[in-house]
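The values are calculated or read from the model by the stated rules, or taken from the named source; none is laboratory data. What you are looking at is a predicted structure, and each value in this text was computed from that prediction instead of being measured. Surface accessibility is based on the protein's heavy atoms, side chains included, excluding ligands, DNA and RNA. Shrake-Rupley method; radii C 1.70, N 1.55, O 1.52, S 1.80 Å.
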Amino acid sequence: MKKPMARATRENIYGYTFIGIWVLGFLIFMVYPLLTSIFYSLNDVRFTADGIRTTFVGFDNYLKIFQIEQGFVFVESLTAFLQQMVLQIPVIVVFSILIALLLNQKIKGRGIFRSIFFLPVIISSGPVINELISQGAGGTNIFDSYGFITIIESTLNPGLAKPIVDLFSQIIIIFWFSGVQILIFIAGLQKIDGQIYEAAQIDGAGPWQSFWKITMPSLSSLIFVNTIYTIVLLTTFSENKVILSIKSNMFNTVTGFGMASAMAWLYALVVFITIGLVAFLFRTKNSRRRT
């Protein structure tokens, strides 16, 4: 008689089946371009009538980023993007938690409201968002009409005021990036046992205490997931200024594919460091909580 498969084995097969599709796609469509870009970043790449001609230059392309004008422009774009991201991520995560709490309430038409908040994830794309910003739908006009932008620019240091003004100028668009995070938080809220809230209420806890002592600790792992997801979402957005800078250098006669590839890998390194830093901060915080 054939021995039935253990439950753990079946679950492992299910898991590998789900991620197998992604792994297969990564191996087919991503590995070769990644290896090619590493090769290009170490070479001077020129397009000739006979095809692509490469000359090995070692790490010269990486060094040129900090030596020539095109490289300085890229570094400035990267620095400005990181400043914006530091402000955007908390806004997106906090906004997602608040909307998830609202959409998790037992209200009529809850499914419709959830669809409305997720709709931008489906229809938004780089050109669409750029068109909204260019037509003043990003948020600048709203805040400028109440004088908020003027107050920020006149009271804060220009280095600090600029990223904040940029944040307000795209605030509505930023909220459009919150669809997936809202769904993840709603799924987390639905996993919390309602009896815990009832027990806390009997012990005298109010909504505010319940939120900070029950809801937030239960969502801490999802806050980490959504923070990482938001970093990846913002850094891979096709219209962010860093990626646009890399694209513009690909066909620049001074820089070319070689230096553009070096810029792309430097950008990837910064993103990996950022994700690692966030993971370290969350891990340290969770370790302190356990002790």
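Using every pair of separate Cα atoms, the Kirkwood estimate puts the hydrodynamic radius of the stretch 149-265 at 18.4 angstrom.
What ranking of Leu233, Leu24 comes out by heavy-atom accessible area, probe 1.4 Å, highest first?
Working: Leu233 45, Leu24 100 Å².
Descending order: Leu24, Leu233.
Taking every protein chain into account, the 1.4 Å probe leaves Val232 with about 60 Å² of accessible area, to the nearest ten.
Using only Cα atoms, figure out Rg for the stretch 31-106 and give it as a multiple of 2.2 N^0.38 Å. Numbers along the way, then the final one.
Numbers: Rg = 21.2 Å, N = 76, 2.2 N^0.38 = 11.4 Å.
For the stretch 31-106, the normalised Cα radius of gyration comes out at 1.86.
Only protein heavy atoms count here; on that basis, with a 1.4 Å probe, Val93 has an accessible area of about 10 Å².
In the stretch 44-87, Cα pairs under 8 Å separated by at least six residues give a relative contact order of 20 percent. Please compare each pair in Lys106/Lys213; Lys108/Lys213; Lys162/Lys241; Lys64/Lys247 to a cut-off of 19 Å on the Cα-Cα distance and tell me which ones are over it. In this structure, Lys106/Lys213; Lys108/Lys213 exceed 19 Å between Cα atoms.
Looking at the stretch 196-291, the accessible area is 60 square angstrom per residue; that uses a 1.4 Å probe and ignores ligands, DNA and RNA.
Only protein atoms count toward the accessible area here, which uses a 1.4 Å probe; on the stretch 1-128, the carbon and sulfur part of that area reaches 71 percent.
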